[in-house]
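The values are calculated or read from the model by the stated rules, or taken from the named source; none is laboratory data. All values reported here derive from a predicted model rather than from experimental measurement. Backbone-built Cβ (ideal geometry, glycine too); neighbour counts: all protein chains shown. Remember, those area values only see protein heavy atoms, side chains included, never the ligands or the DNA or RNA. Shrake-Rupley method; radii C 1.70, N 1.55, O 1.52, S 1.80 Å.
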Amino acid sequence: MKKKYRVLKNEEFRLILNAKVFFASKSITLYSKKRKEEHARVGISVSKKIGKAHTRNKIKRQIRMMVQNIYTFDEKFDTILLVRNAYTELSFAQNLENLQYLYKKARKKYDETNQEA
């Protein structure tokens with residue numbers, strides 16, 4: 001995933017999290033906000049409670065690959081993905097299904113809001 005598709009600044013993370021539009025599954029919580037950039041961006045946050053640095057980095061690499069496979073980056077929203085403790089208990093395929101489910105819900109929400117306007 002290229003850097004231009006990532007949310008990197010703490011201030012941007014806070015803006016998206018404060019929008020309080022979120023969808024949750026057992027292993028991942030997806031926060032979203034209508035985008036301001038010309039393309040969608042994704043931020044990933046993994047808590048220190050999940051494991052040591054090498055474990056968190058592995059999880060972030062996996063999530064980046066999932067995002068690269070699922071997202072087209074023409075979405076109408078920016079996303080923050082918060083990884084929950086249950087992530088490590090599930091397989092990669094199960095986590096991928098969870099993320100796809102959340103992505104579809106978010107995309108549906110933002111498609112509906114554009115049709116109303």
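One table, with the values for the structure above:
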item	result
Residues (of a type in the set (A, V, I, L, M) and loosely packed, with under 14 Cβ neighbours inside 10 Å) located in the range 92-113	Ala93
Residue tally, condition touching a strand residue (DSSP E or B) at 6+ places or on another chain (Cβ under 8 Å), closer than 17 Å to Lys2 by Cβ and open to solvent by less than 50 Å² (accessible area, probe 1.4 Å), over the range 23-60	5
Residue match in the range 61-72 (condition: in a loop (DSSP other than H, G, I, E, B) and either of a type in the set (A, V, I, L, M, F, W, C) or closer than 15 Å to Lys2 by Cα (or both))	yes
Qualifying residue in the range 3-22 (condition: within 23 Å of Gln94 (Cα to Cα) and in a strand (DSSP E or B))	yes
Search result, residues across the range 61-91 that are open to solvent by 80 Å² or more (accessible area, probe 1.4 Å) and aliphatic (A, V, I, L, M)	Met65
Criterion (hydroxyl-bearing (Ser, Thr, Tyr) and either on the phi > 0 side of the Ramachandran plot or modelled with pLDDT of 95 or more (or both)) met by exactly one of Thr29, Thr79, Thr72	Thr29
Inter-residue pairs, beta-carbon under 8 Å, first under 11 Å from Thr79 (Cα atoms) and in the range 10-32, second open to solvent by less than 50 Å² (accessible area, probe 1.4 Å) and acidic (Asp, Glu), 6+ apart	Glu12/Asp78; Ile16/Asp78; Ser32/Asp78
Qualifying residues in the range 40-84 (those that are more than 22 Å from Lys105 (Cα to Cα) and in contact (Cβ under 8 Å) with a residue 24 or more places away in the chain) - the one nearest to the chain's Cα centre (by Cα)	Ile59
